[in-house]
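Shown next, in structure tokens, is the structure this report addresses.
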Amino acid sequence: MRFLLSTIGSRGEAQPVTALAVRLRELGNDVHVVAPPDFEELITGNGLTFTPVGPNLRTATAVKSTPDELRRLAQESVREQFRVVTNAARQADVLVAGGALQHATRSVAESIKARYVYASFCSNTLPSPHHAPPAMLGRVPVNGTPEENLAQWEQHRQYFVSSRDTLNEERAKLGLSPIDDVRDHIFGDAPWLAADPVLGPWPGPGELTQTGAWLIDDQRPLTPELEAFLDDGEPPIYFGLGSMRGSRDTAREAVEAARHLGKRVVLQRGWADLSVDAPECLTIGEVNQQALFRRTAAVAHHGGAGTTTTAAAAGAPQIVLPHMYDQYYWGAQVERLGIGRAAQAVTPNVLAEVLELADQARKVSPQVRTDGAEVAAKLLMSW
């Protein structure tokens with residue numbers, strides 16, 4: 001079969017899409033991935049065919065934008081998505097849209113009579129009376145009654161309205177009729193949830209396809225420098241913000257909190273290019289988190305779905321420092337399971353509390369599924 005997998009998001013969306021693509025290819029399929037140019041090395045390094053779409057996110061996210069500017073940029077990206085996805089998907093049997101703002105993928109699938117599935121990586125990005133929408137454009141919704149949550153989801157629908165005219169213009173070029181509700185059009189009639197059912201269960205209503213998180217089986221070795229650091233003392237605290245634009249003060253506070261408790265730190269630079277000049281602190285670049293987290297005392301991070309799941313699977317207690325989108329949700333989930341805390345900063349008190357959760361984190365670890373990409377690939381191939 002021929003698959004086209006598309007995402008326009010950060011690494012938190014590009015990495016699970018890549019994981020699914022790798023498994024589909026291993027099962028003998030022809031797979032093409034469309035993603036932002038930042039992730040070319042990730043995707044092609046896993047032996048996949050790649051087409052870039054949109055701007056370089058690392059550069060774009062370094063510039064602060066107003067809500068109006070963000071809406072305009074999203075609208076401008078619609079035309080490019082249609083152009084790129086249409087060209088890449090000409091012979092595809094199935095198109096998979098990974099994450100929100102996938103304005104073109106369903107329309108292109110419709111135009112070439114291919115199957116379509118929308119996949120979310122977090123339960124609270126899909127409408128439900130049991131949770132509020134994710135944080136968007138600086139607004140952090142708060143869970144309320146079912147009626148209050150549904151009212152918030154109606155407001156959430158409006159975030160997609162600004163792209164409707166452009167989307168319908170592009171649909172007309174493909175000979176397709178206009179649509180009225182952009183969000184429901186993107187989500188489709190039967191969205192999938194690519195999240196771990198222990199960490200992020202679907203609360204209803206109704207049933208949907210929850211495959212488990214799409215994780216790459218990372219076989220990369222740790223660098224000799226990192227191996228030597230890990231071997232030279234007690235398990236350290238990991239601190240990293242991934243593709244988020246965090247402040248260096250946040251990293252410095254984390255290092256100082258760890259030192260206050262006599263703990264060493266592994267600090268990942270990430271897109272914020274974090275660095276702290278301090279004893280017993282090793283700064284690293286890109287790393288195999290699956291291998292590293294198993295050797296840490298705790299993991300402090302931004303609260304992305306992939307990092308949260310990887311830390312949980314490794315049995316490491318977590319401090320979640322949410323910035324936006326679904327990160328507040330993941331902070332609440334690690335607290336619900338007793339395997340971590342959500343916080344605004346890593347302080348000695350917060351870190352001490354989280355270190356006390358190590359036994360519970362190890363108990364939860366075996367329950368975290370690592371076969372989500374396999375499950376999803378086999379379901380797609382059964383169509």
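Computed values, structure above
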item: Charge-dipole axis of the chain as Lys and Arg at +1 and Asp and Glu at -1 on Cβ define it, positive-most pick from VAL255, VAL265, ILE186; result: ILE186
item: Segment 116-196: trypsin sites (Lys or Arg not before Pro) in DSSP loop, at most 13 other beta carbons within 10 Å; result: none
item: Stokes-Einstein D (µm²/s) once Rh is taken as the Kirkwood radius of segment 67-210 over alpha-carbon pairs, at 4 °C in 1.567 mPa s; result: 81
item: Test item: Cα-centred dipole of the chain, Lys/Arg +1 and Asp/Glu -1 on Cβ, debye; result: 480
item: Zero-based 5 Å bins, Cα pair distances in segment 264-383, whole percents; result: 2, 11, 19, 23, 20, 13, 6, 4, 2, 1, 0, 0
item: Within a Gaussian network of the chain (alpha carbon springs, distance under 10 Å), most fluctuating of PRO224, PRO201, PRO37; result: PRO224
item: Segment 127-183 and segment 202-243: distance between their alpha carbon centers, rounded to Å; result: 31
item: Positive-end residue, segment 168-287 charge dipole about Cα centroid, Cβ charges, pick of GLY206, THR223, THR283; result: THR283
item: Other-chain or far-sequence residues with amide H under 5 Å of TRP192's (modelled H); result: TYR118, ALA119, SER120
item: Rounded to 5, percent antiparallel among DSSP beta bridges of the chain; result: 5
item: Residue-normalised accessible area of the chain, expressed per residue, 1.4 Å probe, Å²; result: 44
item: Helix-only mean residue ellipticity at 222 nm for the chain, each DSSP H run of n ≥ 4 adding -39500 (n - 2.57), per residue, nearest 500; result: -11500 deg cm²/dmol
item: Rounded FRET efficiency, nearest 0.05, which uses the C-beta distance separating LEU174 from MET381 and R0 of 22 Å; result: 0.25
item: Where the Cα pairs of the chain fall when distances are cut into 20 Å bins, in %; result: 28, 59, 13, 0
item: Lys, Arg +1 and Asp, Glu -1 on Cβ, resulting dipole of segment 264-383 about Cα centre, debye, nearest 20; result: 320
item: Low-density loop cleavage sites - chymotrypsin sites (Phe, Trp or Tyr not before Pro) in segment 1-62, where at most 14 other Cβ are within 10 Å (DSSP); result: none
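The values are calculated or read from the model by the stated rules, or taken from the named source; none is laboratory data. Please read all numbers here as calculations on a predicted model, not as lab measurements. Reconstructed Cβ throughout: ideal geometry from the backbone, glycine too, with neighbour counts over all protein chains shown. Side chains included, ligands, DNA and RNA excluded: accessible areas come from the protein's heavy atoms. Shrake-Rupley method; radii C 1.70, N 1.55, O 1.52, S 1.80 Å.
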